[in-house]
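Structure record follows, encoded as structure tokens.
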Amino acid sequence: MKIEILGSGCAKCNKTKKFVEEAVAQAGVDAEIVKVEDMDDIIAYGVLITPAVVVDGDVKIVGRVPKVDEIIEWITQ
């Protein structure tokens, strides 16, 4: 599984990355976590507001920090 955190490195983006790492640890799944900061790569997903989370190429959330429980739901389905 590949989880991408899209964002410029702002506080919300960093918090999102932390929550994704927590969710992966709690769920016990094997996942590659990647921080994407290049605006061209972010826009390629159709994302104009960060932070955003992409799981295996599927954009799950845009414009807000997800809760750990939400992330666990995405990665355990």
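Numerical summary
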quantity	calculated
Modelled FRET efficiency - R0 35 Å, THR76 with MET39, Cβ distances, 0.05 increments	0.70
Set of lysines with alpha-carbon distance to LYS35 below 17 Å, sequence-local pairs under 8 removed	LYS2, LYS12, LYS15, LYS17, LYS18, LYS60
Extent along principal axes [Cα atoms of the chain; Å; largest to smallest]	32, 23, 16
Within the chain, helix-based [θ] at 222 nm, where runs of 4 or more DSSP H residues each add -39,500 (n - 2.57), nearest 500	-12500 deg cm²/dmol
Carbon plus sulfur fraction of accessible area for the chain, probe 1.4 Å, in percent	47 percent
Surface per residue (accessible, 1.4 Å probe) for the chain, Å²	56 Å²
Degrees, to the nearest 10: 11-27 long Cα axis against longest axis of the chain	20 degrees
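The values are calculated or read from the model by the stated rules, or taken from the named source; none is laboratory data. Predicted model only: the values in this text are computed from it and were never measured. Every residue, glycine as well, gets a Cβ built from its backbone with ideal geometry; the counts of neighbours run over all protein chains shown. Calculation scope for accessible area: heavy atoms of the full protein, side chains included, ligands and nucleic acids excluded. Shrake-Rupley method; radii C 1.70, N 1.55, O 1.52, S 1.80 Å.
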